[in-house]
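Presented below is the structure to which this report refers.
The values are calculated or read from the model by the stated rules, or taken from the named source; none is laboratory data. Since the structure is predicted, the reported quantities are computational estimates derived from the model, not experimental observations. Here the Cβ is made from the backbone with ideal geometry for all residues, glycine too, and neighbour counts use every protein chain on show.
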């Protein structure tokens, strides 16, 4: 069966993102998958890649372990809320620090193309937002998922990449949230 990594990127502890991660994990484990999880609010690392790629910055132990777990995984599930149209700073900082040249990709010398080192891995993006889904698509073209899907994961070689968006969160009833968690569990069982 598959090795699945869940990356829970909500900085708020005891959030609905934690419940989503637990539901996906339950479904995946029922199907026989081996699941590991990285919960970003539990890690210790500097978010800022202040030197960009022009210089090397040593990775903290949590980030070294995260890279190893990403390498181990065949399928990576990214769970995060959409804040101000995109992911929280904690998740963006994690991506900046972990998805580095030499690990996730390499630029080619004298060539506009690049090598995708995470090719062969699949992914699922699960986002939550207060914005209604139709408005997010119409006004922002689902930027919070599109950038992650194309400019980050696709750039590094992930594919196919599936998406799930849970919108209008602040208006969802307890029953609606429970229905979503059952749907996420079913999605985990399908391992996609």
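Summed over segment 152-176, residues that are part of a helix (DSSP H, G or I), under 17 Å from residue 82 (Cα atoms), more than 13 Å from the chain's Cα centre (by Cα) and at pLDDT 95 or above total 0. Does residue 62 qualify as being over 30 Å from residue 177 (Cα atoms), part of a loop (DSSP other than H, G, I, E, B) and either touching a helix residue (DSSP H, G or I) at 6+ places or on another chain (Cβ under 6 Å) or free of Cβ contacts under 8 Å to residues at least 60 places away in the same chain (or both)? In short, no.
Which one of these is surrounded by 17 or more Cβ atoms within 10 Å (Cβ to Cβ) and touching a strand residue (DSSP E or B) at 6+ places or on another chain (Cβ under 6 Å): 90, 5? When all the criteria are applied, what remains is 5. Of the residues 70, 79, the single one that is at pLDDT 95 or above, in a strand (DSSP E or B) and touching a helix residue (DSSP H, G or I) at 6+ places or on another chain (Cβ under 9 Å) is 79. Of the residues in segment 8-42, how many are assigned to a loop (DSSP other than H, G, I, E, B) and over 16 Å from the mean Cα position of the chain (by Cα)? Number satisfying all stated conditions: 5. When both residues are 6+ apart or on different chains and their Cβ atoms are under 7 Å apart, which pairs have a first residue that lies in segment 117-135 and is in a strand (DSSP E or B), and a second that is at pLDDT below 95? Short answer, once both residue conditions are applied: 122/192; 124/192; 125/145; 127/144; 127/145; 128/169. Restricting segment 103-133 to residues that are within 17 Å of residue 152 (Cβ to Cβ) and more than 19 Å from the chain's Cα centre (by Cα) leaves a set whose member that is surrounded by the most Cβ atoms within 10 Å (Cβ to Cβ) is 114. A single entry from 48, 58 fulfils the requirement of being under 26 Å from residue 142 (Cα atoms), surrounded by fewer than 14 Cβ atoms within 10 Å (Cβ to Cβ) and more than 14 Å from the chain's Cα centre (by Cα): 48.
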